[in-house]
1. Only one residue in VAL247, VAL231 is in a strand (DSSP E or B), among the hydrophobic types (A, V, I, L, M, F, W, C), in the same structural domain as LYS212 (by TED's automatic domain parsing) and surrounded by 13 or more Cβ atoms within 10 Å (Cβ to Cβ), so which one is that?
2. Given the criterion on the phi < 0 side of the Ramachandran plot, assigned by TED's automatic domain parsing to the domain that holds TYR260 and aromatic (Phe, Trp, Tyr), identify the matching residue among PHE66, PHE24.
3. Limited to region 259-270, what total is found for residues that are open to solvent by 70 Å² or more (accessible area, probe 1.4 Å) and touching a residue at least 60 places away in the same chain (Cβ under 8 Å)?
4. Tell me whether region 7-17 contains one or more residues that are at pLDDT 95 or above and touching a helix residue (DSSP H, G or I) at 6+ places or on another chain (Cβ under 6 Å).
5. Just to verify a result, which residue in region 69-90, among those that are within 10 Å of ligand 2 (Cβ to nearest atom) and of a type outside the set (A, V, I, L, M), is farthest from LYS26 (Cα to Cα)?
6. Kindly indicate the residue of region 53-68 that is under 20 Å from SER258 (Cβ atoms) and either open to solvent by less than 70 Å² (accessible area, probe 1.4 Å) or touching a Phe, Trp or Tyr at 6+ places or on another chain (Cβ under 7 Å) (or both) and also farthest from ligand 2 (Cβ to nearest atom) among those meeting that condition.
7. Tell me, which strands (runs of 3 or more DSSP E) wholly within region 94-205 include 3 or more residues that are within 23 Å of ILE234 (Cα to Cα) and modelled with pLDDT under 95?
8. Given the criteria surrounded by fewer than 15 Cβ atoms within 10 Å (Cβ to Cβ), touching a residue at least 12 places away in the same chain (Cβ under 8 Å) and more than 16 Å from ligand 2 (Cβ to nearest atom), does ASN125 qualify?
Amino acid sequence: MKANIFEIKHFAVHDGDGIRTTLFIKGCPLKCAWCHNPEGLSVKSELAFLSHKCINCGECVNVCNFNAHSILDGKHVYSRKTCMTCGDCVDVCPEDALKLYGITYSADELLPLLLKDKDFYKNSNGGVTISGGECLTQPDFCEKLLKSLKENDIHTAVDTCGFVNKNALDKVIPYTDVFLYDVKAIDNDVHIKCTGQSNKIILENLLYLDSKNCKIEIRYPYVPNYNDTEVDKIGEFLSKLKNVTKVKVLPYHNLAGSKYTSLDLKNTLPFVLPNDEQILHAKKVLSSYGLNVVD
Ligand code: SF4
Ligand code: SF4
């Protein structure tokens with residue numbers, strides 16, 4: 001059983017408490033308009049081509065056995081259709097214009113990579129976070145890895161959008177110290193506009209985790225003209241839960257534009273960014289519901 005990992009981020013400080021290593025697993029059931037990890041949407045491996053870095057040297061042409069690279073009229077051309085995402089061209093590119101998103105690992109292969117920073121976890125009250133994409137689309141892999149981490153006394157976090165089968169939650173609950181849980185909207189129409197999917201399962205799963213006394217940290221991505229009208233509704237919904245220890249407001253940013261281009265994906269990023277006043281107001285409103293709002 002293997003998972004397709006698009007990034008292993010060491011010394012992460014925004015994915016739970018302390019210093020952590022965060023694993024990003026490919027594949028997500030939602031299509032958030034503001035997604036800043038489009039390389040995590042598809043479950044399949046993908047080669048990113050950063051054309052602005054390419055110097056048309058042709059080194060990649062020489063190593064590709066599938067004719068996915070060519071130089072035409074002195075200019076590099078990449079064919080995504082014929083690429084088999086073997087990754088051979090990445091290492092020969094002198095300008096880092098090629099990047100492979102997606103390498104498969106088993107839990108046993110990952111464990112030593114994660115344990116090597118054990119001292120940093122211990123000294124900072126950190127640990128390991130499994131994220132994505134949506135990591136719980138691969139529940140058996142997550143269960144095995146989380147179990148191994150707990151056997152090694154490592155703090156564990158699962159970062160989820162919640163749009164998953166309840167059985168997947170049941171598999172990881174025994175080995176997860178904290179759930180980092182996205183709440184994008186309470187109004188279902190707003191949620192569909194933001195993500196392409198209903199929030200019914202997401203809210204049901206959040207209530208389920210709460211009923212199981214799981215520790216939950218909420219993430220509210222604040223996106224003007226999408227879900228900025230949801231602050232009060234989110235505050236009211238969360239105020240009824242018993243196990244929400246923290247709430248974070250994540251201001252939308254549009255820094256991922258070049259990733260969409262490099263992957264030949266349609267850029268769906270909203271134009272309007274939140275300002276400081278809007279974020280401050282959202283935090284104040286959430287705090288007024290008795291929630292522990294943190295930066
Ligand atoms: S990843 Fe492999 S198949 Fe794809 S372009 Fe590079 S060398 Fe060719
Ligand atoms: S090796 Fe890199 S810089 Fe050279 S042509 Fe290929 S992508 Fe461009």
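1. Matching residue, one of VAL247, VAL231: VAL247.
2. The unique qualifying residue is PHE24.
3. So the count comes out to 2.
4. For region 7-17, residues at pLDDT 95 or above and touching a helix residue (DSSP H, G or I) at 6+ places or on another chain (Cβ under 6 Å): absent.
5. Selected residue: LYS75.
6. So the residue we want is ASN56.
7. Of the strands (runs of 3 or more DSSP E) lying wholly inside region 94-205, none has at least 3 residues that are within 23 Å of ILE234 (Cα to Cα) and modelled with pLDDT under 95.
8. yes
The values are calculated or read from the model by the stated rules, or taken from the named source; none is laboratory data. Since we're looking at a predicted model, the values are computed, not measured. With ideal geometry, Cβ positions are generated from the backbone for all residues, glycine too; neighbour counts draw on all protein chains shown. For accessibility, only protein heavy atoms count, side chains too; no ligands or nucleic acids. Shrake-Rupley method; radii C 1.70, N 1.55, O 1.52, S 1.80 Å.
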